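J.: Sharing a structure below in structure tokens format, with a few things to ask.
The values are calculated or read from the model by the stated rules, or taken from the named source; none is laboratory data. Remember, it's a predicted structure, so these values are computed and weren't measured experimentally. Here the Cβ positions follow ideal geometry from the backbone for every residue, glycine too, while neighbour counts run over all protein chains shown. With ligands, DNA and RNA removed, areas are computed over all heavy atoms of the protein, side chains included. Shrake-Rupley method; radii C 1.70, N 1.55, O 1.52, S 1.80 Å.
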Amino acid sequence: MAPNYYWKGYLKLSLVTCPVAMTPATSESQKVRFHTLNKETGNRVVSQYIDSVTGKPVKDENEAKAYARGEDNYIILTDDDLDRVALDTVKTIDIDKFVPTDSIEWVYLEKPHYLMPDDAVGHEAFAVIRDAMKADSVVGVSKLVMGRRERAVILEPRDEGIVLWSLRFGDEVRPEEPYFEDIEDDADPDLVPLVQKLIKQKSAHWSPNMVSDPIQTSLLKLIEEKKKLLKPKRAAKGTPAEAGTKSNVVNIMDALRKSVEADLKGRKAG
């Protein structure tokens with residue numbers, strides 16, 4: 001089955017051009033999604049655009065984008081109008097600059113996409129651009145229209161392909177200083193080795209299972225249970241949870257030592 005691409009166009013570096021295709025690197029299609037129903041009839045509820053004056057539903061072909069010039073005064077823009085002002089970056093990723101790979105702060109990275117050559121002829125040009133960036137440890141900086149807005153993007157070579165990251169706008173990123181300025185600069189040097197022991201004991205190889213969604217799993221289990229039942233059973237009343245012991249301010253050194261010891265005992269027992 002052929003992949004369903006989100007975007008197709010051209011990757012351009014000076015006089016080197018190749019056709020490329022792009023698809024989001026992440027997906028939420030497996031998420032549990034709900035419909036809204038009328039619980040009295042069991043029918044689905046649908047949403048409609050309603051004319052604010054007549055109160056009547058608006059047909060799809062009559063919907064239009066508009067710019068507010070004043071109160072109840074609008075300039076209507078058709079799809080043809082919007083297409084006429086489309087930028088070159090609608091169909092071309094023209095690499096404008098290169099910057100060191102580690103120079104872009106993580107907070108600017110928004111969403112990753114996989115970028116790949118779109119035909120056999122473009123493979124060589126694509127591979128040359130990719131391998132040159134790898135060799136110089138740089139990423140390409142460009143712009144691309146996504147959702148009718150021009151976004152800054154970077155192109156990061158990864159394995160045999162390129163990952164295109166859309167970037168957040170500068171005014172979307174909050175500076176970290178106001179939030180971190182009151183935190184102590186240096187930790188107690190006697191405590192750091194204890195935390196390092198905990199880190200070593202709890203170190204493991206990365207696995208996607210570490211970021212599984214327990215709520216999603218519980219929802220799927222609940223849905224399966226309800227499928228088997230004609231009528232949902234009323235949940236049994238549980239006993240109130242016992243009140244926890246009062247928290248005490250403890251010495252952090254003792255807490256860390258106990259954590260290390262408990263983790264070691266748990267590993268030996270396992």
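J.: For region 139-149, which residues satisfy the criterion of being loosely packed, with under 14 Cβ neighbours inside 10 Å and either closer than 17 Å to Gly170 by Cβ or modelled with pLDDT of 90 or more (or both)?
T.: Hit for region 139-149 is Arg149, nothing else.
J.: Mind checking which pairs have a first residue in region 113-139 that is more than 19 Å from Trp7 (Cα to Cα) and without any contact (Cβ under 8 Å) to a residue 40 or more places away in the chain and a second that is open to solvent by 50 Å² or more (accessible area, probe 1.4 Å) and of a type in the set (S, T, N, Q), Cβ under 7 Å, 6 or more apart or different chains?
T.: Pairs found: Ser137/Thr101.
J.: Scan region 190-206 residue by residue and report those that are in contact (Cβ under 8 Å) with a residue 60 or more places away in the chain, among the basic types (Lys, Arg) and assigned to a helix (DSSP H, G or I).
T.: Scanning region 190-206 gives a single hit, Lys197.
J.: Those residues that are open to solvent by 40 Å² or more (accessible area, probe 1.4 Å) and either part of a strand (DSSP E or B) or at positive phi (or both), I need them from region 157-189; list them, please.
T.: Correct list: Arg158, Asp159, Trp165.
J.: If we keep just the residues of region 20-38 that are at pLDDT 85 or above and open to solvent by 60 Å² or more (accessible area, probe 1.4 Å), which is nearest to Ile95 (Cα to Cα)?
T.: Per the stated criteria, the residue is Thr26.
J.: Could you give me the residue pairs with C-beta distances under 8 Å whose first residue belongs to region 157-181 and is touching a residue at least 40 places away in the same chain (Cβ under 8 Å), whose second residue is acidic (Asp, Glu) and surrounded by 12 or more Cβ atoms within 10 Å (Cβ to Cβ) wherever it lies, and which are 6+ apart or on separate chains?
T.: Short answer, once both residue conditions are applied: Ile162/Glu156; Val163/Glu156; Leu164/Glu156; Trp165/Glu110; Trp165/Glu156; Ser166/Glu110; Leu167/Glu110; Arg168/Glu110.
J.: Now a separate question. Find the residue count for region 90-138, including only residues that are among the aromatic types (Phe, Trp, Tyr), open to solvent by 80 Å² or more (accessible area, probe 1.4 Å) and within 16 Å of Ser14 (Cα to Cα).
T.: The qualifying residues number 1.
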